[in-house]
1. It is to be established whether one or more residues within region 108-129 are within 26 Å of Thr475 (Cβ to Cβ) and of a type in the set (S, T, N, Q).
2. Taking into account only those residues within region 88-107 that are more than 20 Å from the chain's Cα centre (by Cα) and among the small types (Gly, Ala, Ser), which is farthest from Leu478 (Cα to Cα)?
3. Do you know which residues across region 74-125 are of a type in the set (Ser, Thr, Tyr) and free of Cβ contacts under 8 Å to residues at least 40 places away in the same chain?
4. Only one residue in Arg416, Arg376 is of a type in the set (Lys, Arg) and more than 30 Å from Leu321 (Cβ to Cβ), so which one is that?
5. Among the residues of region 434-446, is there at least one that is under 19 Å from His134 (Cβ atoms), touching a residue at least 40 places away in the same chain (Cβ under 8 Å), of a type in the set (Lys, Arg) and assigned to a helix (DSSP H, G or I)?
6. Go through region 69-144 and tell me which strands (runs of 3 or more DSSP E), entirely inside it, have 3 or more residues that are aliphatic (A, V, I, L, M) and in the same structural domain as Pro405 (by TED's automatic domain parsing).
7. Take Val72 and decide whether it is crowded, with 18+ Cβ neighbours inside 10 Å, touching a Gly at 6+ places or on another chain (Cβ under 7 Å) and not charged (D, E, K, R).
8. Out of the residues in region 21-46 that are of a type in the set (Gly, Ala, Ser) and in a loop (DSSP other than H, G, I, E, B), state the one that is nearest to the chain's Cα centre (by Cα).
Amino acid sequence: MSFVSELDPKPLWKHFDEILAIPRPSTREEAMRRYVIGLAERKGLRHRQDATGNVVVEKPASPGLEGAPVVVLQGHLDMVTEKNEGVSHDFERDPIVPRREDGWVKASGTTLGSDNGIGVAAILAVMEADDLVHGPLELLFTVDEETGLTGAVALDPQAIALHGRQLLNLDSEEENTVTIGCAGGAVTRIVLPVEKAAVRPGATVLDLRLSGLKGGHSGMEIHLQRGSSVQLLARALYAAGPLHLGAFQGGNKQNALAREASARVVLAPGRREAFTAAIEKEIEAIRDEYRPVEPDLKFEISEGSASEAVWTEELGRKLLLLLNVLPHGVLAMSHDIEGLVETSVNLAAVGSWGDGVGVLLSTRSSIGSALRAVRRRLRACAELVGAEVEENEGYPAWKPNLGSPLLRRFQEVHRRVQGSEPELKALHAGLECGVLGEKFPGMDTISFGPAIEGAHSPDERVHVDSVGRFYKLLTETLTELARG
């Protein structure tokens, strides 16, 4: 246990402190699921789970409120696993190391997992508490949210069998707001078969590395126009050609902006000086363009190994062309909601994929037809270089409902508890609300949470005092809904 368990409100922070020690990368949430089920069993509460690993726990109403409508609380068990360059951390084994900085809790060189660990801890605190006033509750814990809401998409509604039709999603990251809608999203992977060859005698081999970018959440922070290390390094290489691209990798998760990328180039004899001057010129232009949002951008050139096999010139040419034509960033702003990103693409990662090299992209849009059009555009780019395309099913947008009775009740509680009117927001990020609404027709849903910044990057942090206000808002909302 760390200092985190001593923060207020202790019932919530105690669970978050324990969660920090439980490995929970996406698709590997078994230990976290055992923690949830173990608490339910100690409290004598019934639980159900489906084949995917989603779990729901039933908590009976406070005495006298058994007839109140069932309320569903929902959060996801997995976290994004990102770390700074040079940090030694195994997310499948090592605990997250927290530290306090002013009024915030951060991790030491890694993501913190407050997304969605704080929401999950709040649900666990409600599950454990004996002094709260509430109606019957269904506490839903989903898995594999961060790779494209796949746990919710695969949720079996017959095995989970929710009875409640009022859902409080606890996966938002702005205080004094209530989320009432979000974008839909999908993942595309473009794959080229790997072919290798020996380095020709006399050639110069150089290793290049672009790092120091901020990264961040590809939905919540795409509008900040931060760089993708994958896109920027590919841009610089193309500008400095002709060259033989012998290797390239960068980025990590589809929902995180790529912070680092590296490449190996093979140059004809006598080309080194001209290439170095050309690529450093382009990197300097990139620095000037991105300095306001990426002040720590770093570029390095070092000697590479001529004894190792590299990609063939044809494979390197195709990949470099592909990375220079694929889109990245905001593609369209909403015509209906001022300041809301409508459609975007995150050029997220390049790396080994089976016997090939894969380019990973995440597309988001609040308009289904726009999402489909962008996915066709990505497929067209792939077809131009003869690459294969793999696409997931994706997940639907969550359409705002300004007439929601649940929203009206929450606004009343917010005014009473916070003394202010909550701001209504739709997000460009993906939430599971739209998926769950399709699984359980008639679901009335809102989402709220504490102040979390830098999610999906090692800069992630959660504001301590906001967590207390968030938990009070949650418990007061449960009481309000139970009393009618």
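The values are calculated or read from the model by the stated rules, or taken from the named source; none is laboratory data. Computed from a prediction, not measured in an experiment: that's the story for all the values here. Here the Cβ is made from the backbone with ideal geometry for all residues, glycine too, and neighbour counts use every protein chain on show.
1. From region 108-129, those within 26 Å of Thr475 (Cβ to Cβ) are 112-129; that's our starting set.
Filter once more, keeping what is of a type in the set (S, T, N, Q): 114, 116.
Looking through region 108-129, at least one residue is within 26 Å of Thr475 (Cβ to Cβ) and of a type in the set (S, T, N, Q).
2. Only one residue tops the list, namely Ser88.
3. So in region 74-125, the residues of a type in the set (Ser, Thr, Tyr) come out as 81, 88, 108, 110-111, 114.
Ser88, Ser108 - these are the residues of region 74-125 that are of a type in the set (Ser, Thr, Tyr) and free of Cβ contacts under 8 Å to residues at least 40 places away in the same chain.
4. Values: Arg376 fails: more than 30 Å from Leu321 (Cβ to Cβ).
Step by step, each of Arg416, Arg376 is checked, and only Arg416 is of a type in the set (Lys, Arg) and more than 30 Å from Leu321 (Cβ to Cβ).
5. So the first thing to find is which residues in region 434-446 are under 19 Å from His134 (Cβ atoms), and the list is 443-446.
Remaining after also requiring touching a residue at least 40 places away in the same chain (Cβ under 8 Å): 443-446.
Imposing the further condition that a residue be of a type in the set (Lys, Arg) reduces the set to none.
No, that holds for no residue.
6. On the way: elements: 71-76, 98-101, 104-107, 137-142.
Correct list: 71-76, 137-142.
7. Values: crowded, with 18+ Cβ neighbours inside 10 Å: yes; touching a Gly at 6+ places or on another chain (Cβ under 7 Å): yes; not charged (D, E, K, R): yes.
Spelling it out, Val72 is indeed crowded, with 18+ Cβ neighbours inside 10 Å, touching a Gly at 6+ places or on another chain (Cβ under 7 Å) and not charged (D, E, K, R).
8. The first filter runs over region 21-46 and keeps only residues of a type in the set (Gly, Ala, Ser), leaving 21, 26, 31, 38, 40, 44.
Next cut, in a loop (DSSP other than H, G, I, E, B) only: 21, 26, 44.
Working: Ala21: 20, Ser26: 10, Gly44: 34 Å.
Among those that are of a type in the set (Gly, Ala, Ser) and in a loop (DSSP other than H, G, I, E, B), it is Ser26.
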